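First the structure, in the form of structure tokens, and then the observations on it.
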């Protein structure tokens, strides 16, 4: 047992610079700026550098403060490098002064980075010299930091490290432990790897953990291949695919809510496409209709609803709902299916609201007042709202960054017989320009497909409008920042709960217990490390 030191002979300034570089590399691994692809090996490399900076060694100890500093610098660089595009929404579209905008982005990154500073300080204080136990401890405290960032203060988990693995070998684990679990495993592997020494390669104990990890990954990969490719019976997917038309209006963000330009353009274009559509399901993105129903011209919405009131087609359309008396919601209106003549229309209200965008946190009205963005306090919809029933499918909407919260999407899987067969995401990433935010959000949706083994259909204002199958593979995509219609088809999954393959293990446990099993694992390992440290101190070893 020993405290933790930095690599021998490496002064503080190079450590900090190395932590910054590793943090920026982790940000780039989520969506490579020049291709938009996730790079799982780069995420592992960045984590390995961080692990190398705080790895346990009996030779020279440092205080927990050094570990906290390294963790804070790494996390701040990583998070600022991940969501730097918030600058565009606040400065370009919001009119906030550039220096204040930079300070706001860095401040948010530093605040969220404090979780990682805390856990790495604890890791250094309670470090275990056993390489296997140290690797597990590192993965556990990393998991606790990711969970804290994703849940506290309503949560902002954008850019979790596990998203870099949507195309990597660890993707096979998503159906069991979700994105946070994948990130924890990556952290464990990184710490174990940097503790290897050439002289240890001949010792059988050195190979126990790698061989066990390889066996688990191989089993998970084989099981996932069987589950999503071979073992599904015809009863578990739709007898015929659901044809889709996904509308991408590409309304300029700086005009979207202007009555003299963006609003009439959106109303005209989306109405034309909804009237002319030929697919089984037509999807228009978040706030495709940018006005409340009572603000529309008489007959506008009624004409579209009448178009889908009869026949074999349905539409899901993003539109704000409500009034001053009852409050407002960011909603999706369903036409057709459950909205057949004589029944009430289907409606989904967004549950997980965006801080500063859809609700203003206490004490921050002064900040939002400085921006020229239509902000407000919206009402929240319930968790686990019913799916939209259409053409034998159970279609589950989610709006904007709600697809980051797999534990909330998972609430709909408590009853496998009523679980969604297709997810549909309604987004407008136009606030963030033509940046990696589009690619990052696409990979987030792909991870949800891996966790639940359900297709994810994405309809957006500027991109990425796409169809993702149950394996997390993008099968159709529309060129971003263009106005057009993406036509394709999708097969729903999990239509026969009696087959036993209807829901994934992740969907089963997250629908019952949320993220508490992961919290429990992290806390159990932390308590073990604290007890081990205490016993070590008592024995005086």
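The values are calculated or read from the model by the stated rules, or taken from the named source; none is laboratory data. Please read all numbers here as calculations on a predicted model, not as lab measurements. Because the Cβ atoms are built from the backbone with ideal geometry, glycine has one as well, and the counts that use them run over all protein chains shown.
Can you pull out the residues in the range 426-443 that are closer than 24 Å to residue 241 by Cα and over 12 Å from the mean Cα position of the chain (by Cα)?
Selection gives 426, 427.
For the range 40-141, give me every one of the helices (runs of 4 or more DSSP H) that falls completely inside it and has 3 or more residues that are farther than 24 Å from residue 196 by Cα.
The qualifying helices (runs of 4 or more DSSP H) are 64-82, 98-125.
Are any residues in the range 405-418 modelled with pLDDT of 95 or more and touching a strand residue (DSSP E or B) at 6+ places or on another chain (Cβ under 8 Å), and if so, which ones?
Within the range 405-418, 409, 412 qualify.
Can you confirm whether the range 438-459 contains a residue that is part of a loop (DSSP other than H, G, I, E, B), out of contact with any strand residue (DSSP E or B) (no Cβ under 9 Å at 6 or more places or on another chain) and modelled with pLDDT of 95 or more? Break it down into steps so the answer makes sense when it comes.
Let us first name the residues in the range 438-459 that are part of a loop (DSSP other than H, G, I, E, B), namely 453-455.
Narrowing the set further to residues that are out of contact with any strand residue (DSSP E or B) (no Cβ under 9 Å at 6 or more places or on another chain) leaves none.
There is no residue in the range 438-459 that is part of a loop (DSSP other than H, G, I, E, B), out of contact with any strand residue (DSSP E or B) (no Cβ under 9 Å at 6 or more places or on another chain) and modelled with pLDDT of 95 or more.
Kindly establish whether residue 446 is surrounded by fewer than 24 Cβ atoms within 10 Å (Cβ to Cβ), within 18 Å of the chain's Cα centre (by Cα) and in contact (Cβ under 8 Å) with a residue 60 or more places away in the chain. Reasoning before the result, please.
Details: surrounded by fewer than 24 Cβ atoms within 10 Å (Cβ to Cβ): no; within 18 Å of the chain's Cα centre (by Cα): yes; in contact (Cβ under 8 Å) with a residue 60 or more places away in the chain: yes.
For residue 446, the condition - surrounded by fewer than 24 Cβ atoms within 10 Å (Cβ to Cβ), within 18 Å of the chain's Cα centre (by Cα) and in contact (Cβ under 8 Å) with a residue 60 or more places away in the chain - is not met.
If residue 124 meets every condition in (1) surrounded by fewer than 19 Cβ atoms within 10 Å (Cβ to Cβ); (2) modelled with pLDDT under 95 apart from one, which number is that one?
All conditions are met except number (1).
I'm told residue 289 meets every condition in (1) closer than 20 Å to residue 393 by Cβ; (2) not in a strand (DSSP E or B) except one. Can you identify the failing condition by its number?
Condition (1) is where residue 289 drops out.
Would you pick out the residues in the range 160-170 that are surrounded by fewer than 23 Cβ atoms within 10 Å (Cβ to Cβ) and within 20 Å of residue 442 (Cβ to Cβ)? Can you show your working first?
Initially, the range 160-170 is screened for residues surrounded by fewer than 23 Cβ atoms within 10 Å (Cβ to Cβ), giving 160, 167-169.
Of everything in the range 160-170, those that are surrounded by fewer than 23 Cβ atoms within 10 Å (Cβ to Cβ) and within 20 Å of residue 442 (Cβ to Cβ) turn out to be 160, 167, 168.
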